[in-house]
DNA sequence: GCCACTGTTAGCAT
DNA sequence: CATGCTAACAGTGG
């Protein structure tokens, strides 16, 4: 599932593959995938050159001035760099081909929850998908981190998953960060002490950075470009480890549901605050 | 075969 | 407003 480290990994791979190339054509086979974008808007991309590929939260941004392409992979979206002569894999919904290149970029999404949007480069920061995102967890300072999260009423797990509070944290890294910081997922966000906010921020940063360095976590569907799997799934301490021993204290990892999401934690290391 | 489960976000309900 | 629940969809595993 692409969260921040996975989207960052994909952005890096994409950067190497397409920056500097001139777009020959952009074709979409599933109009439902297009958000605030008319199929004919894609015609404007032909003849433009890829200037940059970047990430904001879990959103991937491809800049080809004067237009930009935004992608959200949701759970099962993925990219492949394929020879243009090969048949399209099942569930391929979008293709970007390039001038003077046998390779093309293909987007597929089994569950069709993902979306893409084509808009002017200058409108990216102000568009709905980007504007309502909170700060990047790797950029935010300690004071703002504590202030933003403490202002929330809900449970720590739900607060970490709220993209308006922090951008890019998903189910896996929320659980891993809470375990590293020894905080119970159901703890009310308003009840943490300053040192606990410090622990949580430090844990989250360390885990996200390590996951990026490892190329993300391939738990189920996530692959980087060309099917490459990540390496961080072998270092998960709680996610997906229900019933197994906590690697810190030996207690059995528990699975509960928080806000409709599977949540893994160690009942011994992560005590609930009243 | 059937059903529960998977994870993200929009949209609706509370 | 804030917080919580669920539909959107398709495939996998029990």
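Of note:
- Test: residue in segment A:213-231 that is under 24 Å from residue A:57 (Cβ atoms), at pLDDT 90 or above and loosely packed, with under 14 Cβ neighbours inside 10 Å: yes
- Annotation note: Cβ proximity below 8 Å between a residue of segment A:176-188 that is without any contact (Cβ under 8 Å) to a residue 40 or more places away in the chain and a residue that is surrounded by fewer than 19 Cβ atoms within 10 Å (Cβ to Cβ) (sequence gap 6+ or interchain) occurs for A:181/A:196; A:181/A:199; A:181/A:202.
- Residues in segment A:73-87 that are farther than 21 Å from residue A:16 by Cα and surrounded by 14 or more Cβ atoms within 10 Å (Cβ to Cβ) were compared, and the one that is farthest from DNA strand B (Cβ to nearest atom) is A:76.
- The residues of segment A:182-225 that are more than 16 Å from DNA strand C (Cβ to nearest atom) and touching a strand residue (DSSP E or B) at 6+ places or on another chain (Cβ under 7 Å) amount to a single one, A:225.
- Segment A:104-116, subset assigned to a strand (DSSP E or B) and out of contact with any helix residue (DSSP H, G or I) (no Cβ under 7 Å at 6 or more places or on another chain), residue farthest from residue A:17 (Cα to Cα): A:109
- Residue that is farthest from the chain's Cα centre (by Cα) [pool: residues in segment A:244-274 that are surrounded by fewer than 20 Cβ atoms within 10 Å (Cβ to Cβ), within 16 Å of DNA strand C (Cβ to nearest atom) and in contact (Cβ under 8 Å) with a residue 12 or more places away in the chain]: A:273
- Listed by first and then second residue, the pairs with beta-carbon distance under 9 Å, at least 6 apart or on different chains, first residue in segment A:67-94 and at positive phi and touching a residue at least 24 places away in the same chain (Cβ under 8 Å), second within 16 Å of DNA strand B (Cβ to nearest atom) and in a loop (DSSP other than H, G, I, E, B), are A:74/A:1; A:74/A:2; A:74/A:58; A:74/A:111; A:74/A:112; A:74/A:113; A:74/A:114.
- Within segment A:1-29, the residues that satisfy the criterion of being within 16 Å of DNA strand C (Cβ to nearest atom) and buried (at least 16 other Cβ atoms within 10 Å of the Cβ) are A:1, A:2, A:3, A:28.
- Candidate set: segment A:232-243, residues that are surrounded by 13 or more Cβ atoms within 10 Å (Cβ to Cβ) and in a loop (DSSP other than H, G, I, E, B); chosen: the one farthest from DNA strand B (Cβ to nearest atom): A:237
- Pairing each residue of segment A:27-41 that is assigned by TED's automatic domain parsing to the domain that holds residue A:72 with any residue that is within 13 Å of DNA strand C (Cβ to nearest atom) and in a loop (DSSP other than H, G, I, E, B), provided the two are 6+ apart or on different chains, yields C-beta distances under 8 Å for A:30/A:112; A:32/A:112; A:33/A:112; A:33/A:114.
- Residue within segment A:39-54 that is touching a helix residue (DSSP H, G or I) at 6+ places or on another chain (Cβ under 7 Å), modelled with pLDDT under 95, away from DNA strand B (no atom under 16 Å from the Cβ) and part of a strand (DSSP E or B) present: no
The values are calculated or read from the model by the stated rules, or taken from the named source; none is laboratory data. These figures come from a predicted structure and were not determined experimentally. Counting neighbours? That spans all protein chains shown, and the Cβs are built from the backbone with ideal geometry, glycine included.
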